[in-house]
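**Student:** My structure is below; once you've seen it, I'll send some questions.
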Amino acid sequence: QVHVVESGGGLVQAGGSLRLSCAASGRTFSTYAMGWFRQAPGKDREFVAAISRGGGSTHIADSVKGRFIISRDNAKNLVYLQMISLKPEDTAVYYCAARNYFDYTGGSNYDYWGQGTQVTVSS
């Protein structure tokens, strides 16, 4: 079992920045590929970013490419989502997830999910 906890959400003005963090515990962190997803009110959950177990490969959704960066620190058991130039349409609950493989599909078939952290971008 893996326990996933997100943090770092909040209220920010359009054009601002936030960094989300995700801690995963329960098994060796470096054996898991990690992903970020988001869900806005009334919308389906959508893929945001993914990173491979070692951090050498990443996949970013087109909607946030150039503004969001995913990274990880396996020594600290943390994965990050750095968000810049935020837009009101980025407002959503952001979820972190873990699974044992990385791919470029953006699929949501992850094994472990956190409870989410709210990001609100005001115009």
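The values are calculated or read from the model by the stated rules, or taken from the named source; none is laboratory data. Just so you know, these numbers come straight off a predicted model, no measurement behind them. With ideal geometry, Cβ positions are generated from the backbone for all residues, glycine too; neighbour counts draw on all protein chains shown. Side chains included, ligands, DNA and RNA excluded: accessible areas come from the protein's heavy atoms. Shrake-Rupley method; radii C 1.70, N 1.55, O 1.52, S 1.80 Å.
**Student:** Rounded to whole Hz and in sequence order, give me ³J(HN,Hα) for region 28-33 from the Karplus expression 6.51 cos²θ - 1.76 cosθ + 1.60, θ = phi - 60°, writing x for Gly and Pro.
**Tutor:** 4, 4, 5, 8, 10, 7
**Student:** Next up: Cut-off 19 Å, label point 7 angstrom out along Cα-to-Cβ of LYS43: give me the residues of region 73-105 whose amide nitrogen falls inside.
**Tutor:** Counting backbone N atoms under 19 Å from the label point, the list is 81-97.
**Student:** Could I ask something else about it? What shape does region 9-49 take by its C-alpha gyration tensor, where a ≥ b ≥ c are the square roots of the eigenvalues and a/c under 1.5 counts as rounded, a/b above b/c as prolate, and the rest as oblate?
**Tutor:** Working: a/c = 2.81, a/b = 1.61, b/c = 1.75.
Oblate is the answer for region 9-49, as a/c is 1.5 or above yet b/c matches or exceeds a/b.
**Student:** With an 8 Å Cα cut-off and a minimum separation of 6 or more residues, compute the relative contact order for the chain in percent. Mind showing how you got there, number by number?
**Tutor:** Details: 312 pairs, mean separation 44.2, N = 123.
Reported relative contact order: 36 percent.
**Student:** How many angstrom separate the Cα center of region 1-60 from the Cα center of region 61-123?
**Tutor:** Between the Cα centre of region 1-60 and that of region 61-123, the gap is 3 Å.
**Student:** Please report the accessible area of ILE69 (heavy atoms, 1.4 Å probe, ligands and nucleic acids excluded) in Å², nearest 10.
**Tutor:** Spelled out: ILE69, probe radius 1.4 Å, area about 110 Å².
**Student:** Between rounded, prolate and oblate, where does region 40-92 land on the alpha carbon gyration tensor, with a ≥ b ≥ c its root eigenvalues, rounded for a/c under 1.5, else prolate if a/b exceeds b/c? Spell out each step's value before the answer.
**Tutor:** Values: a/c = 2.05, a/b = 1.92, b/c = 1.07.
Prolate, since a/c reaches 1.5 and a/b exceeds b/c.
**Student:** Under 20 °C and 1.002 mPa s, how fast does region 81-123 diffuse according to Stokes-Einstein, given a Kirkwood radius computed over C-alpha pairs? Answer in µm²/s, whole number.
**Tutor:** Taking Rh from Cα pairs, D becomes 175 µm²/s.
**Student:** Any lysines with Cα under 27 Å of the LYS76 Cα? List them, leaving off those in the same chain fewer than 8 positions away.
**Tutor:** The qualifying lysines are LYS65.
**Student:** Here's another thing I want to ask about it. Report, to the nearest whole %, how much of the accessible area of region 57-120 belongs to carbon and sulfur atoms, 1.4 Å probe, protein only.
**Tutor:** Carbon and sulfur atoms account for 48 percent of the accessible area of region 57-120.
**Student:** So what is the orientation-averaged projected area of the chain, using the convex hull of its C-alpha atoms, in nm²?
**Tutor:** 6.7
**Student:** Roughly how many Å² of SER71 are accessible to a 1.4 Å probe, to the nearest 10?
**Tutor:** 50
**Student:** Leaving ligands, DNA and RNA out of it, work out the accessible area of THR120 with a 1.4 Å probe and give it in Å² to the nearest 10.
**Tutor:** The accessible area comes out at roughly 50 Å².
**Student:** If r is the Cβ-Cβ distance from THR105 to GLN13 and R0 is 25 Å, what FRET efficiency results, to the nearest 0.05?
**Tutor:** That pair, THR105 with GLN13, gives E of 0.15.
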